[in-house]
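*Asks:* Encoded as structure tokens, here's the structure I'll be asking about.
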Amino acid sequence: MSENPFRILFEKIKYPNYRFREDVILKKERYEPAEWAIQLEEQLDLLQNTYLIGAKANNDYVNERTSSPKIKGFTRIAVPKLSYLAKIKDIKNPYSNIGILIEEVCELLFIQRQEKFTHYRKDQLGPNRIQCIQELVDKRKDLEMSTPGDILILDVNLGNYYAGWTPRRAREDIIHRQDRLALSSVDLGWILLINPDRFQRNVDLSVDSVMEEYYSEDRGWVTNLFFYFRGGKLEFGYRWNRRAYFDCGATFAIIN
């Protein structure tokens, strides 16, 4: 896929320190499936009354979000705040111990998918193996602190926009855009738990989390975590963040 020369010039002028802008972008050959999310009311009900009993969604916030226009190409979903998940697990800082929250939702996915889920990083998500990107953490903290209740309602793009990009280039793009929020592997796990139709076929677009970097023992800090569907089951693993894939894209939400 050839780059728009005007976009390259714009990026160089506006973001002189924008790394990875020359990474290749491939033509995507996989797409986010349509209509994969259940109704928002059902999502909220599952979160509050099945999986996270005691979690509260602020009524005024819910009414405000449900009445706002939907954005073309985005899906409206509900996810628990990372700060809330940390509180019920008695974790002081969810961003430095995010692996615990990933492990928890992966266990729920394993049960829900009737064991048709492989977690390749199980017990390998300690602080020495996974770290959150500070610029993206700052955005997430601001959003959670300014939002009442325990649940966020987000308009998300689950891979389509950044399909074919290298994860590191997508991450840099999200960092520089004030209206974009990278999703954590925790968010992705909860989204897939509440909305299992998102991954049911081998041709479904795979999704990267670029909020975190993952340390591979043979590659170092140059990989990221991602969900994908292969061999009739959902899988969770890691891949190069400097390599573009035609069947995978970073996930993000629109904010502000």
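The values are calculated or read from the model by the stated rules, or taken from the named source; none is laboratory data. This structure is a prediction, so every number in the text was calculated from the model and none was measured. Cβ coordinates were reconstructed from backbone atoms using ideal geometry, including for glycine residues, and neighbour counts include every protein chain displayed.
*Asks:* Just a yes or no: is a residue in the range 116-128 outside any helix (DSSP H, G or I), within 15 Å of the chain's Cα centre (by Cα) and touching a residue at least 24 places away in the same chain (Cβ under 8 Å)?
*Replies:* There is no residue in the range 116-128 that is outside any helix (DSSP H, G or I), within 15 Å of the chain's Cα centre (by Cα) and touching a residue at least 24 places away in the same chain (Cβ under 8 Å).
*Asks:* Would it be correct to say that Leu52 is among the aliphatic types (A, V, I, L, M), touching a Lys or Arg at 6+ places or on another chain (Cβ under 7 Å), within 30 Å of Cys248 (Cβ to Cβ) and modelled with pLDDT of 95 or more?
*Replies:* No.
*Asks:* Separate question: Do you know which residues across the range 20-41 are without any contact (Cβ under 8 Å) to a residue 24 or more places away in the chain and assigned to a helix (DSSP H, G or I)?
*Replies:* Correct list: Glu41 only.
*Asks:* Could you say which residue among Asp90, Asp45, Asp60 is acidic (Asp, Glu), surrounded by 15 or more Cβ atoms within 10 Å (Cβ to Cβ), out of contact with any helix residue (DSSP H, G or I) (no Cβ under 8 Å at 6 or more places or on another chain) and modelled with pLDDT of 95 or more?
*Replies:* Being acidic (Asp, Glu), surrounded by 15 or more Cβ atoms within 10 Å (Cβ to Cβ), out of contact with any helix residue (DSSP H, G or I) (no Cβ under 8 Å at 6 or more places or on another chain) and modelled with pLDDT of 95 or more holds for just one of Asp90, Asp45, Asp60, which is Asp45.
*Asks:* Now a separate question. Could you please find all residues in the range 71-89 being in contact (Cβ under 8 Å) with a residue 60 or more places away in the chain, over 11 Å from Asp150 (Cβ atoms) and outside any strand (DSSP E or B)?
*Replies:* Ile71, Gly73, Phe74
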